[in-house]
Amino acid sequence: MKKLFALLGIGVCMSTAIAAPAAAEDWKQKFEKVTDEYFDQVYFHYGPTNGTLTGYHQYDAQLDDYSRKNIDAEIAALKEFEKRIEAIHPDDAAADFVPRSDRQMVLGTIRSQLLTLETIRPWEKDADGYSSVCASGAFVLMERKFASADERLRSLVAREKQMPAVLANARVNLKNPPRIYTEIAIEQLPGIISFFEKDVPLAFADAQDAALKAEFAQTNAAVIAGLKSYLEWLKADLLPRSNGDFRIGANAFQKKLAYDEMADTPLEKLVEIGWADLKKNQAHFNAIAKELEPAKDPREVVEQLGANHPAPDHLLDAFRATFDSLASFIRDHRIVTIPSDARPIVEETPPFMRATTFASMDTPGPFETHATEAYFNVTLPDPGMTPEQVEGYMHSFNIGTVISTAVHEAYPGHYFQFLFLPRAPSKVRKLLSANTNVEGWAHYTEQMMLDEGYGQPGAGAKDERESKLLRLGQLQDALLRNARFLVGIQMHTGTMSFDDAVAFFQKEGYQSKETAEVETKRGTGDPTYLYYTLGKLEIMKLREDLKKKQGAAFSLEKFHNEFLGQGSPPIKIVRQAMLGDDSPAL
C-alpha cells in the first residue's frame, strides 16, 4: 500500500511538472490582459494628458477631470484592479522574472495613486494642479507635430471646452489648502495666462480650417477669462483662508516610498544615511575649495563659484556647447553605448513649469511614433527680477553646475534613458518608472563622469583650476540633492519648518537664497524628492556588488548598458535582474 501511494505521489509530481509551462503561460496571459485593461480603463482614462505624452493619441480630445464624482470613480476603479491583479498570483519559484516584477510595479502604482487620492488628497489642497493641467493639456498638443496643425487644434478645442469645468471644480474641491500651495498657484498663473494669450495661438498659426480657427478663438478666450477669474478668486477668496498643512506625515511618507520606490528603510535610518552622505560631500567640497582659495571660508568660494556663470542671454548656448565634448568622452572612454547621434533641442522652460524647476528633459513618450524630438528645458531669469535677483538666480548656473546639469539631463543622463527605452523588456517597463531609477541614474552620472576623467584638463576643462571648479559644481549639485533628501523627510514629518528648510538649503546645501526658496517650495508638494540621492546611492551599491561578483570580468560600459536596458523599475528589481539575488538595495 505504501508503494502504491508513493507511485501515485510520483504521478502527481510528474503531472504538475508537465502542466507547469501551461500554467505559467496562463497567469502571464491573464496578467497582461488585466494590465492592458488597467492602463486603458484607469491609468490613461483618468490621466488623458499623460496618454498624449505617452503617444496614445486616442486620448487627445480628453482632459483630466477633477470633479468629486470622477475622483470617487477613479478610487473605485483602482480598488477593483488592485483586487484583480492581486488574484493573479504566480508561483514565484516558477514565474518568469519580468512579468513577476512587472506585477509588483503595477500594484505599487495603483496603491500609490490610492494613497494620493484618499490620504494625501492634493485635489483638496493644490490650486496650481488645476490651472497647470489646463496648460499641460494644451502644451502636449503643441510641442510635437505628431499630426497636422488642424488635427491637433481640433483636439485642443475639445480640451479647452473642458477647462472651465476644471477651474470650477477647483473652487468646489479646495478646502483650507496650505498657504504656500496657493501662493505657488498665484505665482504661476500670470505665466499660464500669457501662455494661452501668446504661445498657444502662435503654435497653431499654420492651421487651415477657418471654422475651426474661429471656434478656437472662442474657446481660447474663454480659457483666458476663466484663468484670470481663477487668479482673482485665489487672491481674494482662497488665499486668506489658506491655513492648511502641506505635510503628509511619517506614515504616508513611508508608504509612498514603499509603493513608488520599493524602499522599506525606516525614515530614522534614511535620515542617518542622508546626513552621512551630506557630510562626506561637504568635506570633499571644502577640501577642494581650500586648494583653490586657502585663505577663504568654503562658503565664500561657493559665492565665487556662483559668480562664474554665463550671461542669461547666453545660457542656452552654454548648454548646447557641452554636448560635443560629453558625447566624445562617453564614446572614447566606453562609458555607455550611444544609441543615436540625434541631439536634444535646447529651449526655454514652458511658462507653467518655471516656478519650481531650473532645468528638465522633455522626451517623447515610448509609443510616440511621429514626433520624436527631445527637448532640454532651461528656466531663464524672470524678466521682472531686479539685477541683484538675476545675479543670485544665475549662481545656480555656474561653470560647474552647467556641466553637471548637462550630464544629468542629457549626456548620459535622462536623454540616454529615453534612447534606451525601446530595449525595455515589457510594456509595463516602458510605461511605468521609479524616480529612484530615473533621477537616481541621472544624479549618479554627474559624479560618475568626473570620476571616470571627464572635466580634467583637455577633457572638458581648459586647466587644473577649471577642473576643480567643475568638481565643485558637481559637489554643489550633490549637496543640493542631499539637502532635498533631509528637507523632504523632516518637513513632512514635522521636524522642520518651511523657513528652517530655506536656511538648511543655504547653510548645509551651499545654495543661494533664491535657489533655496525654489527648492523648498518644490519640497512642499514633492515630499519624496530624496529619490535623487537615494537612487544614486542604490546604483553605486549595485555597481560595487556586481564588481565583487564579476571581478576582472566587470565592464563599466556593460553595466551601464544592462542597467539602462531594464527600463526604469525600482532599483530593487534591477538588482534582482543583474545580481540574481534579493540582497538589500541600500
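The values are calculated or read from the model by the stated rules, or taken from the named source; none is laboratory data. Since the structure is predicted, the reported quantities are computational estimates derived from the model, not experimental observations. FYI the Cβ positions are ideal-geometry reconstructions off the backbone, even for glycines, and counts take in every protein chain you see.
Condition test on Val346, is it β-branched (Val, Ile, Thr), buried (at least 18 other Cβ atoms within 10 Å of the Cβ), modelled with pLDDT of 90 or more and more than 30 Å from Pro190 (Cα to Cα)? Here the answer is no, as Val346 does not meet what is asked.
Can you tell me which residue is farthest from Ile85 (Cα to Cα) among those in the range 28-47 that are in a helix (DSSP H, G or I) and within 20 Å of the chain's Cα centre (by Cα)? My answer is Tyr43. Given the structure, is Ala410 under 18 Å from Asp324 (Cα atoms), surrounded by 24 or more Cβ atoms within 10 Å (Cβ to Cβ) and not aromatic (Phe, Trp, Tyr)? It is true that Ala410 is under 18 Å from Asp324 (Cα atoms), surrounded by 24 or more Cβ atoms within 10 Å (Cβ to Cβ) and not aromatic (Phe, Trp, Tyr). Restricting the first member to the range 250-265 and to residues that are in contact (Cβ under 8 Å) with a residue 12 or more places away in the chain and under 18 Å from Val106 (Cα atoms), and the second to residues that are assigned to a loop (DSSP other than H, G, I, E, B) and not hydroxyl-bearing (Ser, Thr, Tyr), the beta-carbon pairs closer than 6 Å and six or more apart or on different chains are Leu257/Ala263; Ala258/Asp264; Glu261/Ala434; Glu261/Pro570; Met262/Pro570. Each residue in the range 472-524 was checked for being surrounded by 24 or more Cβ atoms within 10 Å (Cβ to Cβ), outside any helix (DSSP H, G or I) and modelled with pLDDT of 95 or more, and 1 pass. When every residue of the range 527-544 is checked against the conditions, at least one turns out to be farther than 19 Å from Asn435 by Cα, at pLDDT 95 or above and of a type outside the set (S, T, N, Q). Considering the range 451-471, the residues that are part of a helix (DSSP H, G or I) and hydrophobic (A, V, I, L, M, F, W, C) include one that is farthest from Ala406 (Cα to Cα), namely Leu469. Pairs are defined by a Cβ separation below 7 Å, a sequence spacing of at least 6 or placement on different chains, a first member in the range 568-585 that is closer than 24 Å to Leu419 by Cβ, and a second member that is acidic (Asp, Glu) and modelled with pLDDT of 95 or more; the pairs so defined are Pro570/Glu261; Ile571/Glu538; Met578/Glu562.
Pairs are defined by a Cβ separation below 9 Å, a sequence spacing of at least 6 or placement on different chains, a first member in the range 103-128 that is under 25 Å from Lys427 (Cα atoms) and in the same structural domain as Arg68 (by TED's automatic domain parsing), and a second member that is surrounded by fewer than 17 Cβ atoms within 10 Å (Cβ to Cβ) and at pLDDT below 95; the pairs so defined are Arg103/His89.
Taken over the range 217-245, the residue count meeting the criterion of being more than 30 Å from Leu202 (Cβ to Cβ) and crowded, with 20+ Cβ neighbours inside 10 Å is 2.
Spot the failing condition for Asp324; the list is (1) touching a Leu at 6+ places or on another chain (Cβ under 9 Å); (2) in a helix (DSSP H, G or I), and only one is missed. Here Asp324 clears every test but (1). All of (1) of a type in the set (A, V, I, L, M, F, W, C); (2) touching a helix residue (DSSP H, G or I) at 6+ places or on another chain (Cβ under 7 Å); (3) crowded, with 19+ Cβ neighbours inside 10 Å hold for Leu257 with one exception: (2). Filtering Leu480, Leu534, Leu530, Leu486 for residues that are of a type outside the set (S, T, N, Q), under 21 Å from Leu586 (Cβ atoms), without any contact (Cβ under 8 Å) to a residue 40 or more places away in the chain and assigned by TED's automatic domain parsing to the domain that holds Tyr393 leaves a single hit, Leu480. I'd like to know if the range 268-275 contains one or more residues that are surrounded by 19 or more Cβ atoms within 10 Å (Cβ to Cβ) and either in contact with a strand residue (DSSP E or B) (Cβ under 6 Å, 6 or more places away or on another chain) or not in a helix (DSSP H, G or I) (or both). No, the range 268-275 contains no residue that is surrounded by 19 or more Cβ atoms within 10 Å (Cβ to Cβ) and either in contact with a strand residue (DSSP E or B) (Cβ under 6 Å, 6 or more places away or on another chain) or not in a helix (DSSP H, G or I) (or both).
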